[in-house]
Structure formats: C-alpha cells, structure tokens
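*Asks:* Mind having a look at this structure? Questions to follow.
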C-alpha cells in the first residue's frame with residue numbers, strides 16, 4: 001500500500017493517499033450506524049435491517065461488503081438449511097466502534113443545540 005507522508009503514514013488530507021478512500025467509507029452514515037450496531041455483538045442481515053431504520057437491502061449489503069473489504073467486519077456463513085449468515089466486527093472494527101459510538105452519543109446529546117443553530121442560520125439567510 002502506498003505510504004502518503006514522509007514518516008510512512010497515511011494522510012487523509014492528501015487526495016492521492018489511500019487513507020482518503022478509507023475515510024470516505026467510514027464517513028458514510030450507514031457504515032457508522034452498522035459499526036455502532038455490531039459493537040453489541042454479531043447480527044444477521046434481517047436483524048440489522050430492522051434495527052437501522054431506513055436502510056434498503058441493497059444499501060445494507062453494499063455497506064457490509066465495503067466494511068468487510070476494509071477489514072472492519074467479518075461475514076460468517078453457517079452451513080445450515082436454510083442458510084444463515086452473521087456479521088461481526090473484527091478486532092480492527094471493534095477498535096473503531098468506541099469513537100463511533102462516542103460520536104453518536106455526542107450527536108444525540110447536542111441535538112437541541114444543533115437545532116437552535118440551524119434555526120438561527122435559517123433566519124439570517126432568508
């Protein structure tokens with residue numbers, strides 16, 4: 001993998017650095033919500049769909065695959081009839097879950113402040 005700065009580390013501010021592509025995967029709302037949900041343990045696709053309101057089947061599978069490709073999620077297929085598939089966080093994904101759940105909690109705690117700021121902005125720009 002290409003290193004992006006003089007110390008051999010990634011640099012999310014360099015558009016040519018692979019770190020930017022990883023950041024793009026993680027900055028997507030469905031990815032953040034899936035990592036948060038999977039922090040509580042393995043889950044099947046239907047369970048994730050029910051818990052994450054508004055996600056389509058297609059988007060759920062696409063996001064899980066992107067997370068799997070980047071090493072954050074593991075897919076476990078059980079040889080049963082009917083087939084059963086579960087998703088869980090890898091150790092890398094688990095290390096990411098704490099900052100994501102912290103961000104989610106921050107948003108929930110500051111939602112009223114954000115709504116006030118939005119209304120003030122909207123009044124100024126009309």
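*Asks:* With 10 angstrom as the radius, rank 58, 29 by how many other C-beta atoms surround their C-beta, starting from the fewest. Numbers along the way, then the final one.
*Replies:* Values: 58 8, 29 11.
Fewest-to-most Cβ neighbours within 10 Å comes out as 58, 29.
*Asks:* Related question: Which length gain, in nm to one decimal place, applies between residue 124 and residue 68 when the Cα-Cα distance is subtracted from 0.36 nm times their residue separation? Display every interim value, and only then the final one.
*Replies:* Numbers: separation 56, 0.36 × 56 = 20.16 nm, distance 4.40 nm.
Extra length from residue 124 to residue 68 when fully extended: 15.8 nm.
*Asks:* For the chain, modelled as a GNM with alpha-carbon contacts under 10 angstrom, which of 26, 103, 34 fluctuates the most?
*Replies:* Its mean-square fluctuation being the largest, the pick is 103.
*Asks:* Using Cα-Cα distances under 8 Å and only pairs 6 or more residues apart, what relative contact order does region 4-126 have, in percent?
*Replies:* Numbers: 109 pairs, mean separation 25.1, N = 123.
In percent, rounded to a whole number, it is 20.
*Asks:* Computed FRET efficiency, Cβ-Cβ of residue 24 and residue 84, R0 35 Å: what is it to the nearest 0.05?
*Replies:* Details: r = 31 Å, r/R0 = 0.89.
With R0 = 35 Å, the Cβ-Cβ based efficiency is 0.65.
*Asks:* Let me make sure I get this right: for region 38-97, a, b and c are the square roots of the gyration tensor eigenvalues over alpha carbons, sorted descending. Under 1.5 in a/c it's rounded, otherwise prolate if a/b > b/c, else oblate. Which is it? Intermediate results must be reported in sequence, preceding the final value.
*Replies:* Values: a/c = 1.57, a/b = 1.16, b/c = 1.36.
Taking the square roots of the gyration eigenvalues as a ≥ b ≥ c, region 38-97 is oblate.
*Asks:* Is the shape of region 18-124 rounded, prolate or oblate, going by the alpha carbon gyration tensor and its root eigenvalues a ≥ b ≥ c, with a/c under 1.5 for rounded and a/b larger than b/c for prolate? Provide the component values of the computation, followed by the final result.
*Replies:* Numbers: a/c = 2.31, a/b = 1.90, b/c = 1.22.
Prolate is the answer for region 18-124, as a/c is 1.5 or above and a/b outweighs b/c.
*Asks:* Another one. Please work out the FRET efficiency for the pair residue 11 and residue 98, using the Cβ-Cβ distance as r and a Förster radius of 22 Å; give the result to the nearest 0.05.
*Replies:* Working: r = 23 Å, r/R0 = 1.05.
My answer for the efficiency is 0.45.
*Asks:* Quick one: 126, 20, 109, 66, fewest Cβ neighbours within 10 Å first, how do they rank?
*Replies:* Numbers: 126 5, 20 15, 109 9, 66 18.
Taking fewest neighbouring Cβ atoms as first place, the list is 126, 109, 20, 66.
*Asks:* Based on the Cβ-Cβ distance from residue 44 to residue 111, what FRET efficiency comes out when R0 is 30 Å, to the nearest 0.05? Walk me through the intermediate numbers first.
*Replies:* Numbers: r = 30 Å, r/R0 = 1.00.
According to the calculation, E is roughly 0.50.
*Asks:* First check a/c for region 1-50, with a ≥ b ≥ c the square roots of the eigenvalues of its C-alpha gyration tensor; if it is under 1.5, answer rounded, and if not, answer prolate when a/b is larger than b/c or oblate otherwise.
*Replies:* Taking the square roots of the gyration eigenvalues as a ≥ b ≥ c, region 1-50 is prolate.
*Asks:* In deg cm²/dmol, rounded to 500, what helix-only [θ] at 222 nm does the chain give when every DSSP H run of at least 4 residues adds -39500 (n - 2.57) and the total is split over its residues?
*Replies:* Working: 6 runs with 72 residues, N = 126.
The per-residue figure over the chain is -17500 deg cm²/dmol.
Any read-out appearing in this document is the output of simple, stated calculations on the displayed coordinates, not a laboratory observation. Just so it is clear, the model here is predicted, and its values are computed rather than measured. Ideal geometry is used to build each Cβ from the backbone, glycine not excepted, and the neighbour counts take in all protein chains shown.
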